[in-house]
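Step one of this worksheet: look at the structure below.
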Amino acid sequence: MTNQTSRAIRIDQHGGPEQLRLVTVQVGDPGPGEVRIRHRAVGLNFIDVYQRSGVYPMQLPVQLGMEAAGVVEAVGAGVTHLRVGDRAAYASQPPGSYCDLRVMPAKCVCRLPESISFETGAAMMLKGLTAQYLLKRCLPQGGLNPGDFVLLHAAAGGVGLIACQWAKALGLQLIGTAGSDEKCALALANGAAYAINYAKDDFLARVKEITGGKGVKVVYDSVGKDTWDKSLDCLAPFGLMVSFGNASGAVTPFSPGILGPKGSIYVTRQTLFTHIATRESTQAMADDLFAAVSSGQVNIHIAQRYKLEDVQQAHRDLEARKTTGCTVLTL
């Protein structure tokens, strides 16, 4: 048994960014089905904020963080897809990526192609795999075809900028919303066909105008409460409402009866961790993401970097909507 020490970020109770504490932890050898990985960069995501604040209650104390990239240091029994020395990246349960070194389940850890840097790998796994399942797996009746309109909220965020580029590569007309003219310009520069500044314009009226009154086939919504009602009204008949986050707060309970008069529309609440529940599914989705990034169809924008010990400020900036694209913690 070889114990090593690692810096880690832990919370002992739910609350604000001040709950994030830098501690030293002991890291042992991987057990069956596990690997030990030394991180080179760590990704920051809004789910980290939900877990810290208690929107997603956690068993405390807990080490936070859902994605990272680094080098495999040790491999437990039964792990065949990774070897010591492999470059690797992951988005995975359980939390714990805010650290230098960790032991974790191997099933969601993927070999990182040489063409993709550690920082890019750390920045893109959770957000890129999310964009992958949204555009490839959350499909309306009849699927999505080139020329179809889709609506994406928070289009200048980490998932948003990846989805804008990927949607363009698929031939979709993505309508993005964001909270400032600068963020709208960023969405357009990354492949959005249209961008709406919801701080100035009524996005429902603009969507109806853009689509000639028909509405969109799908709405991808990570904002939640603030965008929900109007988003339902943006959908064409038989359209699909995909909820995958609550950045503005949880959606107010509603009666399914309202969905009929709005055009027999569909509603689903998605989470990445259902999609990556198996080794095979994780690898297939990651391969699709790696191909999109390696080919240049999708560029990963790392717009903010913070040291691990500055994670409190990183959380403050994320919650204040001061960030665009992806954010990484450097080690």
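What is region 139-269's relative contact order, in percent, from Cα pairs under 8 angstrom and six or more apart in sequence? Dividing the mean separation by the residue count of region 139-269 yields 21 percent. In region 1-154, Cα pairs under 8 Å separated by at least six residues give a relative contact order of 25 percent. Distance between the 7 Å Cα→Cβ label points at residue 225 and residue 313: 3.0 nm.
I want to verify a result. In a Gaussian network model of the chain, Cα cutoff 10 Å, which of these has the top mean-square fluctuation: 293, 207, 251? Highest fluctuation of the listed residues: 251. Report the residue, chosen from 185, 69, 41, that carries the largest GNM mean-square fluctuation when the chain is represented by alpha-carbon nodes joined by springs under 10 Å. Maximum among the listed residues: 185. Close amide H partners of residue 195, meaning residues 5 or more places away or on another chain with modelled amide H under 5 Å apart, are 176. Residues whose amide H lies under 5 Å from that of residue 34, counting only those 5 or more places away or on a different chain, are 76, 77, 106; hydrogens are built 1.01 Å from N in the peptide plane.
Phi-derived couplings, Karplus 6.51 cos²θ - 1.76 cosθ + 1.60 at θ = phi - 60°, listed residue by residue for region 29-43: 8, x, x, x, x, 10, 9, 9, 10, 9, 6, 10, 7, 10, x Hz, with x used for Gly and Pro. Subtracting the Cα-Cα distance of residue 14 and residue 255 from 0.36 nm times their residue separation leaves 83.6 nm of extension gain. Using a Förster distance of 22 angstrom, determine the FRET efficiency expected from the C-beta separation of residue 23 and residue 55, and round it to 0.05. Efficiency, rounded to the nearest 0.05: 0.45. On the basis of the beta-carbon distance and an R0 of 51 Å, residue 214 and residue 305 show a calculated FRET efficiency of 0.75. Take every Cα pair under 8 Å whose residues are at least 6 apart in sequence, average their separation, divide by the length of the chain, and the relative contact order is 17 percent.
Residues considered: 65, 160, 249. Largest GNM mean-square fluctuation over the chain, using C-alpha springs under 10 Å, is found at 249.
Which entries of 107/183; 214/322; 136/307; 136/322 show an alpha-carbon separation above 31 angstrom in the structure shown?
Values: 107/183 36 Å; 214/322 34 Å; 136/307 34 Å; 136/322 29 Å.
In this structure, 107/183; 214/322; 136/307 lie more than 31 Å apart at Cα.
Here, each number is a calculation from the coordinates, and none is a lab measurement. Here the structure is a predicted model, which means the values were calculated and not measured. Cβ: placed from backbone, ideal geometry, glycine included. Neighbour counts: every protein chain shown.
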